[in-house]
Amino acid sequence: MSGYNDNDPFYSDGTDYTSQDASAHYSAAGAYVPPAPEPVRKKEKRGVRPWAVIALCLICSILAAALGVGGAYLFLQGDDRGNALLSEPTPAPQLPEGSEASAAPVYTGTGAGIYELAKKQVVGVTTEITYTNFFGQVSASSVSGTGFVISADGYILTNNHVIEDARKGGYDVSVLMYDGSEYTAEIVGYDKENDIAVLKIDAQGLTPVTLGSQEDIVVGREIYPVGNPLGELNFTMTTGIISATDRAITTEANNVPIDMFQIDAAVNSGNSGGPVYDADGEVIGVVTAKTSATGVEGLGFAIPIEDAAHVANQILQYGYVTDRATLGVSSQTVPNAVAEQYGLVPGALITSVEKDSAAQEAGLQVNDIVTALNGQPVAGSTELTGLVRTYAVGDQVELSVWRSGTVVTLTATLGQSQRPEEEPAQPETQSPQGFGDMEEFFRQFFGGFGFGF
C-alpha cells in the first residue's frame, strides 16, 4: 500500500488523525477505523524443461521443511518498509453508515481498566470443521482465533487466516462475546496478502475499540494483548512491551512480507486477530504471528493498526483492496542449488503472465527469471512480490530478467489489484488441518511450517 487519496472511504473532515484526542475516535456513526498512510550470467550446462525446474523447486521446499531444525513458523526479514508506509499524517475515517454510536467506555488508567474495555470489545472467533486425517478417518475440530469490534452495529476485524478454513470450506463462523452471547458471522471480505478480514454480526449497541496511531508504536512502550489462547482460555490478557518495529514478517499464511512490530507478551495459537492495547487503552496492533521454533520465547508480531484499518476500510468500501500495485505474474523461486545444477540463475521464475497485465505489456514471458527490480536483488518469488508491494499503482519499475542465457532489461508500469476470484467450497471431508498430502505430512511430523496460529 503506497498511499491514500481524498476519495478513500469513510473519511470525515480530513483532519489529522494523529492530532485527535481519544474521544474524537468516536462519531455518531460508531468507532473510527483509521486507514494506513499513503501507502552472472552462468554458462549454460545443458537444457532443461521448465516443468522440471518447477518440480525440483517444489521438492527442495518439501525437503527443506523436513530437515529444518526445530521448525520456524516464519522468516524474519528486517527492512525499512514500514517507515515508508507510515510516514504521513492520516485523516480520520468514518465507519459504515447505519452504525449507532455507543457510549464511550470508562477507562481507569490501569491494566484492570483496560481489561474492562476488552470485555466489551474483544470477541472469540471459532469455526467447526471436518477433515480427513492421514489415516483416512473423518474427524472434526475447531479452528479458533480472536477479533475485536470496530463498529457499534457489529463489524469485527480479525486475521484472514482465522477464517480461511471457513471461507474455503463453506463452514459457519461463530463469534462469542464476553457475556456468553454467540452470533453467526458473515464474512464481509478479506485480504490474503495483508492477512486481514472483516466480519459482520447482527448486533447493535456494541462497544467499538478506540484506535491508536503509528506514533504510539514505540520500542519499550507497555502493551496488553487480549485474546483466546489455545481456543480454550477465552479473554486472556497478557502484558509486555514493544520489542522492535518495522519487522518484515513472512508466514505461510500469506507468503508475502508484512510490516509488523515485535512484542514480548505471551501470545499463542488462538490469539490471532486479537487487539494489542497500549497503556492508554487504545488498540495499536493486530496480533498475527509468533515464532514456533523450539526453545524460543517472547517473539510475537502484530500488524500496526493503521495498516490493518486501511485494509478494512478498502474491504468495507469495495470488497477488496483496490490500491495495491501488481505486476500480474505468478512465479516460483529458483534456489541457488537448482540454478547451479542446471546452468540457470537464482531468482523468480515466471510461471504465468496475466492477460493485459503490467508484465504482459512490459514483455515479460513465461520461463523468464527476474533477478532484480529497480536494482534491488530478487532472490525468489517472495522477494519479487514484496518489492512490488512497496510501489504505487502507476509507478514504473525496471526489471532485470534472465532469458535463455541472456540478460534483458524491461520497464513495467505497475497495475491495480483486482478483485480476488471466489474460491469454491471444498468437500466437507477436506481441510488443511489434516494430512491431505505429503507436504502437509512433513509439516506436521517435523514441525517446520505448522499452520494454525
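The values are calculated or read from the model by the stated rules, or taken from the named source; none is laboratory data. Nothing here was measured: the structure is a model prediction, and the numbers come from that model. Cβ coordinates were reconstructed from backbone atoms using ideal geometry, including for glycine residues, and neighbour counts include every protein chain displayed.
Taking the criterion of being surrounded by fewer than 21 Cβ atoms within 10 Å (Cβ to Cβ), out of contact with any helix residue (DSSP H, G or I) (no Cβ under 9 Å at 6 or more places or on another chain) and of a type in the set (A, V, I, L, M, F, W, C), the residues of segment 275-296 that qualify are A293, V296. Look through V408, V393, V388, V397 and report the one residue that is closer than 19 Å to T333 by Cβ and β-branched (V, I, T). None of the others qualify; the one that does is V388.
Could you list all residues from segment 274-305 that are charged (D, E, K, R) and either out of contact with any Gly (no Cβ under 6 Å at 6 or more places or on another chain) or not in a loop (DSSP other than H, G, I, E, B) (or both)? Listed by number, the residues that qualify are D278, D280, K290, E297. For segment 276-290, does any single residue satisfy the condition of being at pLDDT below 95, of a type outside the set (D, E, K, R) and over 17 Å from the mean Cα position of the chain (by Cα)? The answer is yes; a qualifying residue exists. Checked against (1) over 30 Å from Q262 (Cβ atoms); (2) surrounded by fewer than 23 Cβ atoms within 10 Å (Cβ to Cβ); (3) not acidic (D, E), T207 meets all criteria but (1). Those helices (runs of 4 or more DSSP H) of segment 335-453 in which at least 2 residues are over 27 Å from the mean Cα position of the chain (by Cα) and either modelled with pLDDT under 90 or of a type in the set (D, E) (or both), considering only elements entirely within it, cover 336-342.
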